[in-house]
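First up is the structure itself, then whatever we jot down about it.
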Amino acid sequence: MTLFPTGLVAAEWTKLRSVRSTPLILAVATVATIAIAVLQARSTIGAWDGWGARARAEFDPVFTTFTGFQVAQLAFGLLGVLAVTTEYSTGTIRATFAAAPRRGRVLAAKLLVLGTVALVAGQALAFAAFFAGQFVLAGKHLDVALGDPNVLRAVLGQGFYLGTVTILGAAIGTLLRHTAGATALTTGLLFLSIMVLKAVSPDGSKALIHWALAAAGEGLTWTTFHDPDWPTAGFALVVCLTYLTVSVTAAAWRLTRRDV
Amino acid sequence: MIDADELTKTYGRRRAVDQLTFRILPGRVTGFLGPNGAGKSTTIRLILGLDSPTHGRVRIDGRPYRGLHRPLRHVGALLDANAVHGGRRARDHLRWLAQTNDIPRSRVAEVLRMTGLAEAGHRCVRGFSLGMKQRLGIAAALLGDPEILIFDEPLNGLDPDGVHWVRGLIRSMAAEGRTVLISSHLMSELQLTVDHVLILARGRLLSDSGMAELVRSSGGDVLVRTAGDTPLAALLTVRGATVAPESGQGLAVTGLGPGEIATVAATHGIALVELTPRAPSLEKVFRRITDPELQYRAEPRREDAR
């Protein structure tokens, strides 16, 4: 037996590509990110002449055109959640574990496939949205190039963040097993945790806020303007990796101990 | 061979499976019989390593299920025919299952053909009837050409043709020397198919015996018909039989076998029109064994009486 579970990886790939929700989710994310990048860039060049100095200073040619990735995060998170919870809701999980009783390996194979798909698709979306947005911004010479400071990091960071969100969704799906609960918790972590952490933080302190997942996403994707609520890109990477490690470890621990 | 030793599973305070010890041997069909909630499905989940026993253990050919390498090549199981993703094509469902155990892709088409689903392989499972889903579940169980087959309620939802086909399949699998376990709450389903029966109620094993033995010990009788009035009833009674009249000059005889009855009749020159050994229905046998154990009997609850 080889150490690398080739068969399990192939099986997880077949599972993922043989349900309609996968292409549907990826299509929604594609349309949202690219269309919003173009629209956002167009509205910026239309309004630019009326903007004051502050608005111009806070304008970030990459970050501003990446608003559509809020939708993509939701879509990718759902992709991760559904990859696990539909197995429980349909009962397929029993066939899965009867065929492959070493559950840790099944989880590893599933996360590997999901993570690869999400990273590849995420990077493709990030680059596509970047070029689309910058192409429009170039009409007003507001665009930046990949070689400018922070830009390549921001684009790669956006793709990486989508991968993170997908794996987080799958880990939460494994922990909770139910689509509704896992979707709610994933969405909450993505979009609401920053509000909660702000509310409980002492005045002026950013230490807690920097641990919100959304803040980490922003810390990864800024280029010319940096809000103090956002961590540095390096810290944001640490935050993402921490979320991944904790959620995947908890999922693996729970999965191998519970009855199906 | 499946070998259970004091297998016990507790959910909260309820004992779903209570100290089951049994062996399911190859080369014959073993029936797993019991009313709903008796613990049949729980036992099957324990055999497959899906649930962990609270106490005791169960082994497949001496090994725990979770220790099997490529388990589909040892054990094929049909659990719940509806437990398939409706949006997936039948072929893709079998395909990922095959991949988990490094089963060649050609086997998918083969089991689809064996189960009469060759034409339906490209269709989404959502559009399948329950009978077709049963066939798909059986196809999945056969994927790894396993030595042990476990079917949980395989005849549910099948049309008469399907029932006939599954019975034939199960018999032929046992004839090839495989171990076959089939569960049912319908005695009539098993009576024609199984060699050996395990009877379960409230998680406990009530009976572990050959089908023929079970029927015999539960008392069958012999239906005898003669042409016109004869003294046969009296002659049989003298020899220790119990005789009850049946319609059309028939006699239901217990206590003597058909051979003995025929001999008595021949000795006294009585012509027999009919001589039929009758086995009690398994329903009757089952009701006799389990009656005091029935937990979901329809009787007025105390709260209702108030």
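The values are calculated or read from the model by the stated rules, or taken from the named source; none is laboratory data. Just so it is clear, the structure is predicted and the values come from calculations on it, not from any experiment. Here the Cβ is made from the backbone with ideal geometry for all residues, glycine too, and neighbour counts use every protein chain on show. Side chains included, ligands, DNA and RNA excluded: accessible areas come from the protein's heavy atoms. Shrake-Rupley method; radii C 1.70, N 1.55, O 1.52, S 1.80 Å.
Observations on the structure shown:
- Top of B:28, B:14, B:135 by mean-square fluctuation, Gaussian network on chain B, Cα under 10 Å: B:14
- 14 Å beta-carbon shell around residue A:56, net charge (K/R +1, D/E -1): -1
- Three-way shape call for the range B:221-278 based on the alpha-carbon gyration tensor, with the a/c threshold at 1.5: rounded
- Considering only chain B, percent of DSSP beta bridges that pair antiparallel, nearest 5: 65 percent
- Radius 13 Å from Cβ of residue A:206, net charge of other residues (Lys, Arg +1; Asp, Glu -1): -3
- Accessible surface of residue A:195, taken over heavy atoms with a 1.4 Å probe and every protein chain present, rounds to 120 Å².
- Within the range A:89-122, the residues that become at least 30 Å² less accessible when every protein chain is included than when their own chain is isolated (1.4 Å probe; DNA, RNA and ligands ignored) are A:90, A:92, A:94, A:95, A:98, A:99, A:101, A:103.
- Gap separating the Cα centres of the range B:63-139 and the range A:44-58, nearest whole Å: 60 Å
- Across the range A:1-156, the mean sequence separation of Cα contacts (distance under 8 Å, 6 or more residues apart), normalised by length, yields a relative contact order of 37 percent.
- Take every Cα pair under 8 Å whose residues are at least 6 apart in sequence, average their separation, divide by the length of the range B:221-278, and the relative contact order is 50 percent.
- Other residues with beta-carbon under 15 Å from the beta-carbon of residue B:241 carry, at +1 per Lys or Arg and -1 per Asp or Glu, a net charge of -1.
- Membrane-span-like helices in chain A, defined here as complete DSSP H runs extending at least 24 Å along the helix axis by their C-alpha atoms with mean Kyte-Doolittle hydropathy no lower than 0.5, are A:21-47, A:69-90, A:103-137, A:151-176, A:233-257; this is a sequence and geometry rule, not a statement about a membrane.
- Between the range A:81-140 and the range A:204-236, the alpha-carbon center distance in angstrom: 25 Å
- Summed buried accessible surface, chains A and B, 1.4 Å probe, nearest 100 Å²: 2300 Å²
- Burial of 10 Å² or greater, the range A:10-38 residues [accessible area, probe 1.4 Å, versus chain by itself]: A:10, A:11, A:14, A:15, A:17, A:18, A:19, A:20
- Fraction of accessible area attributable to carbon and sulfur, the range A:141-180 (%, probe 1.4 Å): 68 percent
- Averaged over its residues, the range A:123-245 has an accessible area of 42 Å² per residue, based on protein heavy atoms and a 1.4 Å probe.
- DSSP beta bridge pairing in the protein assembly as shown, given as percent antiparallel to the nearest 5: 65 percent
- Entry comment: accessible area of the range B:2-215 is 39 Å² per residue, from protein heavy atoms only and a probe of 1.4 Å.
- Per-residue SASA remark: residue A:211, around 90 Å² accessible (1.4 Å probe; ligands, DNA and RNA not included).
- With both residues required to sit in the range B:111-249, DSSP beta bridges show an antiparallel share near 55%.
- Sum of -39500 (n - 2.57) over DSSP H runs of 4+, divided by residues of chain A (222 nm, nearest 500): -24000 deg cm²/dmol
- Candidates B:200, B:236, B:72, ranked by Gaussian network fluctuation over chain B, Cα under 10 Å, top entry: B:236
- Carbon and sulfur %, accessible surface of chain B computed with the full protein complex present, 1.4 Å: 50 percent
- Structure remark: mean-square fluctuation, Gaussian network model of chain A, C-alpha springs under 10 Å; the largest value among A:24, A:162, A:111 belongs to A:24.
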